[in-house]
Amino acid sequence: SLEEVEPNFFTLSPDSPLRETIQRAYRWYSPRFSPCDVPRFADVGSITEEWSVMRGIRDFLVARYRNLPEPPTHIMGFDARGFLLGPMISVELGVPFVLMRKAGKNPGILIESEPYEKEYKEKKAEAMTIRCGSIGKGSRVVLVDDVLATGGTALSGLQLVEASGATTIEFVAILGIKSLKGAQLSHSYGNGRFSKIPFFALVDESVLTEANCGDTAGYNGPRIIGYREALSRI
Ligand code: AMP
Ligand code: MG
């Protein structure tokens, strides 16, 4: 069962078994042990490494979208971690999976979103693209990513669906960092043109407890160990 955290922003209720399953598996790392300077870097590998958690997420989302009166015609995933979740849903629903990527990684003629900034600042704002024609007019699209942070990535997805003449049914992520107000960014954008689009984060940052910290206590060595060094340690 779902809870509405704020208008059109949903999460699993605290007693949901899927929420508990995700909480048991989800690891986070402090900046010392993570690739980005965010307080808690949520490790999607801790989800993919637990196949039964992946299956739980897949089954839940497939049932959710299959049972809609008007089911999605496309699943669109965000580079790169949305690519881990989207295809397992799209193949079950029997609909295409569309790749949203930076222009430098997508072939063909592209539609590009407005530039946006992410939680972990890359050097400059970035834009996202999809291939022209990958989503047709009148399509109904579900957007998928692992984490909703500031919401810049999600907003570019909404723009690309809109600019294809299609509708976003829902944006879904495993984790929504509520305090960063990512759903609000899209809901308040452009005179509220996206204010009716549901955002759904299966869990929020309260699942990233101290017990879920993946940091190796007391480790003083380098974070990255080279091939030869690793070989010599076997
Ligand atoms: P944003 O555009 O700010 O909502 O950032 C979302 C994107 O950045 C997602 O595609 C995530 O993969 C990644 N991301 C942002 N914050 C985190 C975090 N704390 N842990 C892991 N990934 C994150
Ligand atoms: Mg990402």
Out of all the residues in region 17-46, which are within 20 Å of residue 180 (Cβ to Cβ), within 17 Å of the chain's Cα centre (by Cα) and part of a helix (DSSP H, G or I)? 19, 22, 23
Which condition number does residue 55 fail, the rest of (1) within 16 Å of ligand 1 (Cβ to nearest atom); (2) surrounded by fewer than 14 Cβ atoms within 10 Å (Cβ to Cβ); (3) charged (D, E, K, R) being met? (1)
How many residues are over 12 Å from residue 81 (Cβ atoms), in contact with a helix residue (DSSP H, G or I) (Cβ under 8 Å, 6 or more places away or on another chain) and more than 8 Å from ligand 1 (Cβ to nearest atom) if we restrict to region 140-154? 3
Enumeration of residues in region 168-199 that are at negative phi and touching a Gly at 6+ places or on another chain (Cβ under 8 Å): 168, 171, 176, 180, 182, 183, 184, 185, 186, 199
If residue 36 passes every condition in (1) of a type in the set (A, V, I, L, M, F, W, C); (2) more than 16 Å from ligand 1 (Cβ to nearest atom); (3) in contact (Cβ under 8 Å) with a residue 60 or more places away in the chain; (4) farther than 20 Å from residue 197 by Cα but one, which one does it miss? (2)
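Residue-by-condition table, conditions (1) touching a Leu at 6+ places or on another chain (Cβ under 6 Å); (2) closer than 16 Å to residue 169 by Cα; (3) among the hydrophobic types (A, V, I, L, M, F, W, C):
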| residue | (1), (2), (3) |
| --- | --- |
| 23 | no, no, no |
| 43 | no, no, no |
| 52 | no, no, no |
| 67 | no, yes, no |
| 72 | no, yes, no |
| 83 | no, no, yes |
One residue is enough: does region 153-161 have a residue meeting the conditions at pLDDT 95 or above, more than 12 Å from ligand 2 (Cβ to nearest atom) and surrounded by fewer than 21 Cβ atoms within 10 Å (Cβ to Cβ)? no
Out of 126, 112, I need the residue that is in contact with a Pro (Cβ under 7 Å, 6 or more places away or on another chain) and of a type in the set (Asp, Glu). Which one? 126
Please verify whether residue 63 is over 14 Å from the mean Cα position of the chain (by Cα), aliphatic (A, V, I, L, M) and within 16 Å of ligand 1 (Cβ to nearest atom), treating the condition exactly as stated. no
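Results for (1) touching a helix residue (DSSP H, G or I) at 6+ places or on another chain (Cβ under 8 Å); (2) away from ligand 2 (no atom under 14 Å from the Cβ), shown as yes or no for each residue.
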| site | (1), (2) |
| --- | --- |
| 19 | yes, yes |
| 28 | yes, yes |
| 43 | no, no |
| 72 | yes, yes |
| 78 | yes, no |
| 81 | no, no |
| 89 | yes, yes |
| 96 | yes, yes |
Only residues that are more than 16 Å from residue 128 (Cα to Cα), among the hydrophobic types (A, V, I, L, M, F, W, C) and under 13 Å from the mean Cα position of the chain (by Cα): list them for region 76-89, please. 84, 85
How about region 12-25: which of its residues are under 19 Å from residue 199 (Cβ atoms) and surrounded by 19 or more Cβ atoms within 10 Å (Cβ to Cβ)? 12, 22
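One residue is enough: does region 114-129 have a residue meeting the conditions in contact with a strand residue (DSSP E or B) (Cβ under 7 Å, 6 or more places away or on another chain), within 28 Å of residue 66 (Cβ to Cβ) and at pLDDT 95 or above? Spell out how you get there, then give the answer.
Kept after step one, since they are in contact with a strand residue (DSSP E or B) (Cβ under 7 Å, 6 or more places away or on another chain), are these residues of region 114-129: 115-116, 125-129.
Narrowing the set further to residues that are within 28 Å of residue 66 (Cβ to Cβ) leaves 128.
Checking the rest, the ones that are also at pLDDT 95 or above come to 128.
Yes, region 114-129 contains a residue that is in contact with a strand residue (DSSP E or B) (Cβ under 7 Å, 6 or more places away or on another chain), within 28 Å of residue 66 (Cβ to Cβ) and at pLDDT 95 or above.
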Within region 128-141, restricting attention to residues that are surrounded by 21 or more Cβ atoms within 10 Å (Cβ to Cβ) and part of a strand (DSSP E or B), which residue is farthest from ligand 2 (Cβ to nearest atom)? 141
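Which of the helices (runs of 4 or more DSSP H) contained wholly in region 142-234 include at least 2 residues that are of a type in the set (A, V, I, L, M, F, W, C) and touching a Leu at 6+ places or on another chain (Cβ under 9 Å)?
Fully inside region 142-234 and qualifying: 152-162, 182-188.
The values are calculated or read from the model by the stated rules, or taken from the named source; none is laboratory data. The structure presented is a predicted model; accordingly, all values stated were derived computationally and were not measured. Virtual Cβ from ideal backbone geometry, glycine too; neighbours counted across all protein chains shown.
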